[in-house]
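Inspection log for the structure reproduced underneath, given as structure tokens.
Coordinate-derived values only; no laboratory data. Computed from a predicted model, the values in this text were never measured in an experiment. Positions of Cβ are generated from backbone atoms using ideal geometry, with glycine treated the same way; all protein chains shown enter the neighbour counts.
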């Protein structure tokens, strides 16, 4: 499908079929705009150009829709269509401008706008005129009132700029090509410069300070001539004298100061504030549109009716086409994938159940607009499979997806279909079996006096028939680890098959049972902990950091009276630590009476236990002072080291520190003087410390200065 075919198909389904009231208003405004424009131009010279554009558009749509996809040609046509839509305002710029001018002149200017102009424009103009008057720079400025100065504007250079004092001075600067003409100001915009004003036929004279007169030049004649032909206000700055003049309605007011000039400008604007000539109102606009566009003759003819109907129909087609094109550009239609949509299963037939639970979520690929995509998620779709009226067995069913929002087309579902296996629900009753997995780990000091019991003993298994038939045992498990008395616990139940594997997908009622196991202590046994005993003194500089015994507890068996005298612990025979320079691990017997024996958790006789004595070296600090010895000195050069001796803070095992105290030669400080190659050269270097391993040193100071001489 080519781009235009896709645009047509997608818009017809996803846009126009679910159009909102706001979008309808948007299209209606487009229809009105196109109708007004076409009504204005269908009798003008551009009507033929418009017809050519319409014919070209029809050909483009016909080729693109009915031909098979052509990659390059379709792309070119689609680009051409967009170019035409963009260039339409440029092609019909004169007609649009004429329409806006007519509306502007029909509605007038609001008092608020006039007041805003009167507060800003006069001060800017007065400031510029004052500066040009002081420099004797000639200037000619006209302010358009009710009468249009469009004909005068065309004689100059269009500017269309904000009125500023600096721009006015720059235009009338003697070196500027536009300084000889006049400037036209409309409202708050400077529309043109270098304009030619009509000259008056009157002879104009200015009175001098004495009794003589001076004939006025071309600027003053042009200002009076324009004021005689229109109601514009014209301001003149004399290039010869620097005098400021204002002209309106053919009357020349010369030799004005700043205050007088500001008063003339305010009088030009203020009447429009108090008594506006034309107020902006919807009624005036509608009347103008009715008179300018909808031109029914007194006796409507078939041709006139057909013409208006044709313009209206074509306006509707253009509006829908442009709205669709712009919507596709600003809110494009694309494909998206939505995951994690909840899958609901409903209407399962009575007396049946699913053998395997289906997936809880599915995914879907949809086609929608960009704005809609931002508002939808997995909750915007409903995925429901109905199993109504299905018999037990395997069923392959599709997954229906229903969008809960508009403008969404479902393209594909992942997965498209699922297998649902229905089975009949059955029940059977079974006895509970109690499992004691760690019975062999029960301490020899204790024994089980009777078989364990379960309450209730019988439970009911409910589920799919194929699964229920696999169950051979219902089991409850209880641990006897560290048990020293009878146990009574509520434990969960598990359904097991022949291989001892748990069977899922069934219901056990009740799903737990109370298990009782009778445990009592044997009369001639006691469970005690084992304590390691040490003797001897560790070598200097070492200490005992830890002592552990394996096993940590044993069961003693023997005479009851002797066992009663043991207070929870039994000692080992002493371990000599006098020669321990590191960790010491030995096997040693327990300190027991002759008629008492020790048993481990499995009931075996314990003859020895393993004792681990962790012996660590003590650490300390030592401060020493050493001379800094230079080496690698260049031949013929002598060096000095400052300071010549430094202090060292040594940290490490105490035995090594003791050796250093007895033999100071074990620690030396040197410095590599090979970088000093000339006399009087000084270099700050890090000294090198030579010392035994496992020792850390901090020099003070950290740097020494080596100087050649």
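With each label modelled as a point 7 angstrom along the Cα→C-beta vector, the residue 610-residue 240 pair spans 12.6 nm. Taking one equal scatterer on every alpha-carbon of the stretch 619-708, how large is log10 of I(q)/I(0) by Debye at q = 0.15, 0.17, 0.26 1/Å? After summing over all Cα pairs, the log10 values are -0.57, -0.69, -1.22.
Under the criterion of Cα pairs below 8 Å and six or more residues apart, the relative contact order for the stretch 333-415 equals 39 percent. Shown is the FRET efficiency for residue 370 and residue 489, computed with R0 = 60 Å from the Cβ-Cβ distance and rounded to the nearest 0.05: 0.45. Straightening the chain between residue 228 and residue 591 buys 116.9 nm, computed as 0.36 nm per residue apart minus the Cα-Cα spacing.
With the biggest extent put first, the Cα atoms of the stretch 431-486 measure 48, 19, 13 Å across the principal axes. Please identify which residues in the stretch 333-376 have an amide N closer than 17 Å to a label point set 7 Å out from the Cα of residue 389, following the Cα→Cβ vector. From the stretch 333-376, the list is 346-350.
Computed across the stretch 333-415, the Kirkwood radius stands at 14.0 Å (inverse of mean 1/r, all Cα pairs). A simple spin-label model places pseudo-atoms 7 Å from Cα toward Cβ; at residue 380 and residue 346 they are separated by 2.2 nm. Translational diffusion coefficient of the stretch 340-483 (Stokes-Einstein, Kirkwood radius from Cα pairs, 4 °C, 1.567 mPa s): 65 µm²/s. Exposure proxy for 21, 75: other Cβ atoms within 10 Å of each Cβ, ordered fewest to most, give 21, 75. The length gained by stretching the chain between residue 80 and residue 337 to full extension, at 0.36 nm per residue less their Cα-Cα distance, is 89.3 nm. Among 691, 132, the ranking by other beta carbons within 10 Å of each residue's beta carbon, starting with the fewest, stands as 691, 132.
Taking 0.36 nm per residue of separation and subtracting the current Cα-Cα distance, fully stretching the chain between residue 661 and residue 427 would add 75.4 nm. With Cα atoms defining each centre, the stretch 146-191 and the stretch 615-663 are spaced 92 Å apart in the structure. Working ranking of peptides 447-453, 240-246 by packing, defined as the average number of other Cβ atoms within 10 Å per residue, highest first, is 240-246, 447-453.
The mean of 1/r over all pairs of different alpha-carbon atoms in the stretch 110-274, once inverted, gives a Kirkwood hydrodynamic radius of 15.7 Å.
For the stretch 528-626, a Kirkwood hydrodynamic radius built from all Cα pairs, placed in the Stokes-Einstein relation at 25 °C and 0.890 mPa s, yields a translational diffusion coefficient of 160 µm²/s.
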